[in-house]
Each structure stands twice: as C-alpha cells, then as structure tokens.
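Reading through the structure tokens given below for one structure.
The values are calculated or read from the model by the stated rules, or taken from the named source; none is laboratory data. All of these numbers come straight from a predicted model, not from anything done at the bench. Note that we place each Cβ from the backbone using ideal geometry, even for glycine, and neighbour counts take in every protein chain shown. Accessible surface areas use protein heavy atoms only, side chains included; no ligands, DNA or RNA. Shrake-Rupley method; radii C 1.70, N 1.55, O 1.52, S 1.80 Å.
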Amino acid sequence: MYNKRLWHQLTLALLDFVKHPSFSDGDGLIQLYQNFIADFETKINPLSLIEIIAYVVKQIADPNEAIDFLEKMKEKVKSSSDATVLCMILIGQLKLIQLKDVDGTKLVIEETEKLLEALDGITEVHGRFYELSSNYYRLIGKHAEYYRDALRFLGCLEVDKMNKEEQMERAFYLGLAALLGSGVYNFGELLAHSILDSLVGTEKQWLVDLLRVFNAGNIQAYEELRPLWTTQADLAANELSLRQKISLLCLMEMTFKRPANDRQLTFVEISNEARLPIEEVELLVMKALSLGLVQGSIDQVDQHVRMSWVQPRVLDKTQIAGMKKRLEN
C-alpha cells in the first residue's frame, strides 16, 4: 500500500494495527512512528493521524515529553479543527491523569471548548472532550458541571460498548451528581437513560430508587430510604441541602399535578405534602420563586400561593401518565 501510495487504505490498516495487544508494552509504536509513519504523515487525514498518535503517546514514559510531542503534532495538523481539538484533549488527559495538573487541565478545557463551539454539529471529538471535562469536574467536586458534561458524554457514545464496571461507575457518579449538584432539578433525562440499568439488582439500586423519589418530590419515600442513602458519606454530609432540594421538587410536583386553571395551593397543603412546619412554607415558596422553578404570587393574609407556571422538566412514565389523564378529563 505504501509503494502504491494508497494512503487511505494504509491509514485504515494503521488505525487497526496500532490497537494490537502486542503493543501494550515497550516502544514499538514509537519506533513505528519514527521509522515509518513520519515519512508520509502529511498524506494521512489529520484526524486519523492524531487517532494513531493517541496510541503512540501511551508508550512515552515521561508525560511532559508526551505533551511536548503532542504540541508539535498540533502544529502539524493546525489546518484541521477536529484534529487540533483531539490533540488538545490528549494533552488535557495527560495533565489531569498523569501530572495531576488541575489548573493546567482547566486552561486546556477552556481553550478547547472555544474551538468546539466553532464546529458544526456534533463531531467525533465531542465525546472525547466531554469525557475529559466531566472527569475534571468530578475531580474538583463541581457536581452540577460534572452532571451536565457526563450526560453529554453519554449522548455521544453507545453505552453497550462500555463494560459493566464502567457503566456502574458512571451511573453511580451521575446519580450522586444529580442529587448534590447545585441548580440540578431535572432528573428525567438521567432516569430515562439506560446507564442506570447497570445499577438495578445490585447493592447500589437504592440510588436509582432515590433518584425516582427526588424526581417525584416524594418526602415520605425519601425518609423511608434514609437508612440506605445515609451510608454514602457525600449524601450524609449534605443532608440539609438534599432536604431543601426535595422540598422544592415536592412544590414543583404539586404545581405540575394541578390543572392549569386551578393552581392555588394553601400553606397547609404545602406543609402537609412537604412535611414542613407551616411557618417555613413561605420561605420555601420564595426560594422556588427566586430560583425560577415556579412563577406565581403569595397571599400572606389568606395563606395561599397562586402558581402560574412551573419550570419544564423531562417527565418520567408516571408523570406522563398523570398528564395524559388530566388531558383526557
């Protein structure tokens, strides 16, 4: 293929060749690049070239040397936005995983994100970027950002291609991030994703059950699951914020279940449903209003709330069935 200058066919063969298990150790791929690929790398599709280089850099023992090599490759493929982005993602992975350079990784993510915004549609490299960014946000404890980008990552790949252990790990971290993430009040997209099936029937199934309970704003079920979720240190340490989140979701669900022409809730109704002292109901409603979760007005004299709007959410099957029933009536 090389002698016949069949560059496309040679590229496909190399993409398959570099994945061979025999290259898991040693510097065979480095030798392959230096003594063969480098001779005709300008003939290879830039993105395919960096896909091959992704395997080569794994054999460079010093991560700083690997980054220097990738910086040089980035210059060679600068005419291709996709290839440039992939180069930067590989650099970010080295900084995050091997060098533990959190600040350096942040800069790479910010720069790469700007390049991604200029690309049309969803490309091959988007999933790789969201994998990097979600891993970064998980490491620094930014739950909401992790939740957002981890869901985007899952949207870019087929879950079946992940092994069972990886599916369970992703599902568990996503579930925790949904519960702990500031501003995360929409659980429907995660609950509809097949990634959670990996936890069903395992000792971690309680997390799936807890997500459903939060999505429904079910305070009673939340309390019943307490012996299970308090065994998870992060959840136990954030019990107050979790209680506030499910109380807000309870209020949203109460509003959602009411007919559009009858969304007046009394303080007593909210107190009973959210299991809060009646003197705390007004604060709960004010919090929901300030967060933009609902719109409406509070009548302090008559102690009722008139809701005019509730933030749209991805609905689960139970909520869809409830909406269908209301429409039929």
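Give the carbon-plus-sulfur fraction of the accessible surface of the chain in %, rounded to a whole number; probe 1.4 Å, heavy atoms of protein chains only. Mind dumping the intermediate values first?
Numbers: 8750 of 17660 Å².
The value for the chain is 50 percent carbon and sulfur by accessible area.
Recomputing volume of the Cα convex hull per residue in Å³ from the coordinates shown identifies the correct label among (i) 202; (ii) 276; (iii) 178 as (iii).
Rolling a 1.4 Å probe across the protein heavy atoms gives segment 67-130 an accessible surface of 53 Å² per residue. A 1.4 Å probe run over the protein chains yields, for segment 183-225, 40 Å² of accessible area per residue, whole-number rounding.
Net charge in the neighbourhood of Asn218 (other residues with Cβ under 11 Å of its Cβ; Lys, Arg +1, Asp, Glu -1) is -3. Taking packing as the residue-averaged number of other Cβ atoms within 10 angstrom, the listed peptides 125-135, 293-303 run from highest to lowest as 125-135, 293-303. Stretching Glu239 away from Phe17 to a fully extended chain increases their span by 74.8 nm, per 0.36 nm per residue minus the current alpha-carbon distance. Please work out the Cα center distance from segment 168-188 to segment 112-141, rounded to the nearest Å. Segment 168-188 and segment 112-141 have Cα centres spaced 18 Å from each other.
Quick check on the chain: helices-only [θ] at 222 nm, where DSSP H runs of length 4 and up contribute -39,500 (n - 2.57) each and the sum goes over total residues. Nearest 500, please. Kindly include the intermediate steps, with their values, before the conclusion.
Values: 18 runs with 194 residues, N = 329.
Value at 222 nm, helices only: -17500 deg cm²/dmol.
For segment 271-276, the Karplus equation 6.51 cos²θ - 1.76 cosθ + 1.60, evaluated at θ = phi - 60°, returns couplings of 4, 5, 6, 8, 6, 10 Hz by residue, with Gly and Pro reported as x. List, in the order given, every pair from Lys58/Lys78; Lys19/Lys72; Lys58/Lys100; Lys204/Lys257; Lys19/Lys204 whose Cα-Cα distance in the structure shown is over 28 Å. Pairs exceeding the cut-off: Lys204/Lys257; Lys19/Lys204.
Computed from the C-beta positions of Gln205 and Asn163 and an R0 of 25 Å, the FRET efficiency is 0.85 to the nearest 0.05. Computed about its Cα centre, the charge dipole of segment 67-141 is approximately 220 debye, with only Lys, Arg, Asp and Glu carrying charge at their Cβ. Stretching the chain fully between Gln303 and Lys78 yields a gain of 74.6 nm (0.36 nm per residue, less the alpha carbon separation).
Select from Ala177, Ala61, Ala216 the residue whose mean-square fluctuation is largest in a Gaussian network model of the chain (Cα-Cα springs shorter than 10 Å). Most flexible of the set in this elastic network: Ala61. Its relative contact order, with pairs defined as Cα atoms under 8 Å and 6+ residues apart, puts the chain at 9 percent. To the nearest ten degrees, helix 102-117 and the longest principal axis of the Cα atoms of the chain are 90 degrees apart.
Within the listed set Lys245, Lys100, Lys74, the Gaussian network model of the chain (springs between alpha-carbon atoms below 10 Å) gives the highest mean-square fluctuation for Lys100.
Can you pull the Kirkwood radius for segment 267-312, inverse mean 1/r over Cα pairs, to one decimal in Å?
About 10.7 Å for segment 267-312.
Extension gain Lys58-Arg275, at 0.36 nm per residue separation less the Cα-Cα distance, in nm? Walk me through the numbers before you get to the answer.
On the way: separation 217, 0.36 × 217 = 78.12 nm, distance 5.51 nm.
Residue separation times 0.36 nm, minus the Cα-Cα distance, leaves 72.6 nm.
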